[in-house]
Amino acid sequence: MLEVTRSARKILDLPRLRADTPGTKNRNHLNNAGAALMPSPVIDAVTGYFSREGEIGGYEAAAEAHSLLEGTYDSLASFVSCTREEIAIAENATIAWQRAFYSLSFGPGDRILTASAEFAANYIAFLQVAKRTGVSIEVIPNDSSGVLDPDALAKMIDDRVRLIAVTWIPTNGGLINPAAAIGRIARDNGILYLLDACQAAGQIPINVNALGCDILTATGRKFLRAPRGTGFMYMRKSVLERIEPAMIDLYGAPWTAPDRYDLRPDARRFETWEKNYSVRLGLRAAVDYALNIGLENIEERCKHLSTKLREGLREMRGVSVHDLGERLASIISFTVEGRDSSAVMADLTSKGINVSVSPPSSTPVDACARQLPPVVRASPHYYNTEEEIDAFLEAIAGIAVYRSP
């Protein structure tokens, strides 16, 4: 029976969306927080360009597709509600984040405020800069639901705080940090605000002006459904004008005289000359695809499916859900009593169900505080069906040591 998802905003044509997604024929894909299944327009954009490079040459294909490639900046600007001049494209979100963070200046006595569920790669960068400069790293307390507490953040503010850097939706735990409330505090106090939106991009709407962030970074491969090896950065123009990238080349900073270079006036000062053009077109296709569906519609559908999955797990004896917060993302973290999470994942894989395992090392501060073991992470997306959620829950019930009565 064909399923159509009805929304107050728009009707999602689920049969068409699944027809657009070849991977749904092979797998029950609940690993969208890892890498989502690409839709056909994304696959076609990448393979079509790649084939063209083989037919006429790499430089020639780039020249031929120039207007399409330039349009990627317009699509991303629409996606996060900024100008195209404030967008830089990167090989991945980590590089985008690092290019921004390592271009900032810190000294002894300066403070970086971050979240307890901050992604490990970001925290390692904090530690390295702390080792080099003497800046201190301080974790913002959570509220009673486990979400970053804006009131606690406000009490931590003084003239030594140089940066607030927070992951909006962490890699596990389901929580959604109050990004806009953090932004209001940062703007009121003139503090730079760096927001990691890797798990948010493609799952919920993003408006950098409403969020109040100065810098936002994200990946393409997760809920945005773009190819792996894609990412982007937004940097507010007023911030961009006073930051020089830690590393530059002739693209980001043209050599204008024997003893002089001039930084590009836009965010592309953070880019390099050489690029993978094929996946850039895939990134544009993914952004346009999401915009056409509507991020509000995607968010609503994700909430519906993740709620069904989460509640189904909570009803099972022998299964513990490790999510935090009142407003929850489409990322569900759980363990099965008496079973190693890797073994649970292997059992699900044998049944054609894709999930992943999130180790404590991915969010070490939070994992240590809660004494979390490796957790199974299930992350449905809007193209999943209720029947796929039911099949997943049935499989977990068969794996669990105890079953609900």
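The values are calculated or read from the model by the stated rules, or taken from the named source; none is laboratory data. Just so it is clear, the model here is predicted, and its values are computed rather than measured. A quick note on method: Cβ atoms are made from the backbone with ideal geometry, for glycine too, and the neighbour counts reach across all protein chains shown.
Scanning region 179-196 for residues that are touching a residue at least 40 places away in the same chain (Cβ under 8 Å), touching a Phe, Trp or Tyr at 6+ places or on another chain (Cβ under 9 Å) and hydrophobic (A, V, I, L, M, F, W, C) returns a single hit, Leu194.
Can you find even one residue in region 127-134 that is more than 23 Å from Ala329 (Cβ to Cβ) and part of a loop (DSSP other than H, G, I, E, B)? Yes, region 127-134 contains at least one residue that is more than 23 Å from Ala329 (Cβ to Cβ) and part of a loop (DSSP other than H, G, I, E, B).
If only one of Ile137, Ile164, Ile182, Ile169 is modelled with pLDDT of 95 or more, surrounded by 15 or more Cβ atoms within 10 Å (Cβ to Cβ) and in a loop (DSSP other than H, G, I, E, B), which one is it?
Exactly one residue qualifies, and that residue is Ile169.
Of all residues being of a type in the set (Gly, Ala, Ser) and buried (at least 22 other Cβ atoms within 10 Å of the Cβ) in region 279-300, which is nearest to Val80 (Cα to Cα)? Just the residue, please. Checked region 279-300; the qualifying residue nearest to Val80 (Cα to Cα) is Ala290.
A quick yes/no check of all residues on (1) at pLDDT below 95; (2) among the polar types (S, T, N, Q); (3) out of contact with any helix residue (DSSP H, G or I) (no Cβ under 6 Å at 6 or more places or on another chain):
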residue: His304; (1), (2), (3): no, no, yes
residue: Leu324; (1), (2), (3): yes, no, yes
residue: Ser342; (1), (2), (3): no, yes, yes
residue: His381; (1), (2), (3): no, no, yes
residue: Asn384; (1), (2), (3): no, yes, no
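Taking only region 220-279 into account, find how many residues are part of a loop (DSSP other than H, G, I, E, B) and either among the aromatic types (Phe, Trp, Tyr) or farther than 30 Å from Ser330 by Cβ (or both).
Counting residues in region 220-279 that are part of a loop (DSSP other than H, G, I, E, B) and either among the aromatic types (Phe, Trp, Tyr) or farther than 30 Å from Ser330 by Cβ (or both) gives 27.
Put simply, of Arg132, Arg99, Arg111 the only residue that is farther than 25 Å from Phe232 by Cβ, crowded, with 17+ Cβ neighbours inside 10 Å and basic (Lys, Arg) is Arg111. All conditions but one from (1) modelled with pLDDT of 95 or more; (2) touching a Pro at 6+ places or on another chain (Cβ under 6 Å) apply to Ile95; the one that does not is (2).
For region 343-357, the criterion of a residue being part of a strand (DSSP E or B) and in contact with a Ser or Thr (Cβ under 6 Å, 6 or more places away or on another chain) is satisfied by at least one position.
Ser330 meets the conditions (1) at pLDDT 95 or above; (2) over 17 Å from Pro205 (Cα atoms); (3) surrounded by 20 or more Cβ atoms within 10 Å (Cβ to Cβ) in every case but one. The failed one is (2). Exactly one residue out of Leu250, Leu224 is within 30 Å of Asp20 (Cβ to Cβ) and not assigned by TED's automatic domain parsing to the domain that holds Ala329: that is Leu224.
Taking the options Glu337, Glu394, name whichever one is of a type in the set (Asp, Glu) and free of Cβ contacts under 8 Å to residues at least 12 places away in the same chain. From the options Glu337, Glu394, the qualifying one is Glu394. Candidates are the residues of region 340-368 that are over 20 Å from Leu37 (Cα atoms) and free of Cβ contacts under 8 Å to residues at least 12 places away in the same chain; the one that is surrounded by the most Cβ atoms within 10 Å (Cβ to Cβ) is Ala367.
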